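The values are calculated or read from the model by the stated rules, or taken from the named source; none is laboratory data. Note that this is a predicted model, so its numbers are computed, not measured. Here Cβ is always computed from backbone atoms with ideal geometry, including for glycine, and neighbour counts include all displayed protein chains.
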Amino acid sequence: MEDLYYKCPTGIYFVSDAMAKAGEIIKKEGYKRVVLIYGGKSLKESGNYPILLKSLKDNQIEFIEKGGVKPNPEIEFVRAILPEVKTFNPDMILAVGGGSVIDTAKSLASSYFYPRDPLDFNKKLAKPSKSLPLGVILTISAAGSEMSDSCVMSEYATGFKGGFNDIHNRPTFSIEDPSLTASVSLFQTSCGLVDIISHSFERYFSPSSDYEMCDLLALSVIKDIVEITPVLLKNPSDYAARRSMMIASTVSHNGWTSFGKKMRFPCHAVEHQMSGKNPSLAHGLGLRFLLPEFLRVNKVELHNKIYKFGEFVFQEEGDSADGAISCFRQYLDSLPLPHDMTEVGIKEDEKATYIAKLKV
């Protein structure tokens, strides 16, 4: 096996009333000047915005705020706010949101000490040598960015979308409160379920040794998501299911489900091309199209792992890869999402090109 190194310094605060406790936690962590990053309207429409601001003020946390992060986050946001952020001279970035907000905050944190273009990291032209501390208040369970070393950014003008992995991308701490995700739409929840599955799915289907403990952990994460899905589809605000989904989000992408082996992410690589070209395409939806096709085109090469996947997650009997693929398609079809790329405007020839790239 290859030499490996793993380090995850992120602290997790799993709490209730996260917005009210945020200022106290930030103060306890030793920070006093914060840049608050968030998305569109949801933070304010949820009623959490004034609670958060009061918590910051009550704990003497100075801050500036920058809202408006888009899904499939755009690097221009980071470029635009970086001069003001440097003038403010913060000692921490605080991301309140899901993966897009967190990745934007990661890009900002690393770019703060970098003299050239923030997208250089995503283009693999440079590596960060230092970053600002990053705190997270998680409001969407999906991307797993709250404990991952990954940062994905887009550049709409060129159609570029790419990620980079680095220890500096690990948040200093993340605050998790399942009740904050109760208002997430059914569409967004479904995309999140697929996204969580995908992180352990791609790790599981990376090459393994004969005895690979992390593969069992990866399959357990996937099975957990499959089991809570009908609960969430019936009652999206079910607290126990939301809690399980939030934990799975964090575990699926923090490196535990590939611990001890080298991972490959062909489905994510192809999806980045898809949503880089079509920024309105939700990341989880793009993955929904690609994951079953990955199994189909690699059925011969990955036969044993596919049928073990079907047996563990879906209790599919026998050693048939076809049975496992069928069960997985049925699960994905149960989600209130489009079933095929052509339903979102991707032409057949373009679809065939994407699928061909999934071959391992």
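Details
Every residue, every condition in (1) within 29 Å of ASN165 (Cβ to Cβ); (2) in contact with a Gly (Cβ under 8 Å, 6 or more places away or on another chain); (3) buried (at least 22 other Cβ atoms within 10 Å of the Cβ), yes or no:
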position	(1), (2), (3)
VAL35	yes, no, yes
TYR49	no, no, no
ILE61	no, yes, no
ALA105	yes, no, yes
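- The conditions of being in a loop (DSSP other than H, G, I, E, B) and either modelled with pLDDT of 95 or more or at negative phi (or both) are not met by LYS106.
- Where ILE140 falls short, out of the listed (1) in contact (Cβ under 8 Å) with a residue 60 or more places away in the chain; (2) surrounded by 24 or more Cβ atoms within 10 Å (Cβ to Cβ); (3) not hydroxyl-bearing (Ser, Thr, Tyr): (1)
- Any hit, the stretch 258-268, residues being in a helix (DSSP H, G or I) and either among the β-branched types (Val, Ile, Thr) or touching a Gly at 6+ places or on another chain (Cβ under 6 Å) (or both): no
- Single residue of the stretch 243-254 satisfying the filter (surrounded by fewer than 23 Cβ atoms within 10 Å (Cβ to Cβ) and not polar (S, T, N, Q)) that is nearest to the chain's Cα centre (by Cα): VAL251
- Selection of helices (runs of 4 or more DSSP H) fully inside the stretch 272-360 by the criterion of at least 2 residues being in contact with a Lys or Arg (Cβ under 7 Å, 6 or more places away or on another chain) returns 283-297, 303-314, 321-333.
- The number of residues in the stretch 146-168 that are assigned to a strand (DSSP E or B) and crowded, with 17+ Cβ neighbours inside 10 Å comes to 11.
- Any pair with Cβ under 9 angstrom, 6 or more apart, that starts in the stretch 331-360 at a residue that is farther than 17 Å from LEU281 by Cα and ends at one that is among the basic types (Lys, Arg) and part of a loop (DSSP other than H, G, I, E, B): VAL360/ARG264
- Scanning the stretch 40-64 for residues that are without any contact (Cβ under 8 Å) to a residue 60 or more places away in the chain and assigned to a helix (DSSP H, G or I) gives LYS44, GLU45, TYR49, PRO50, ILE51, LEU53, LYS54, SER55, LEU56, LYS57, ASP58.
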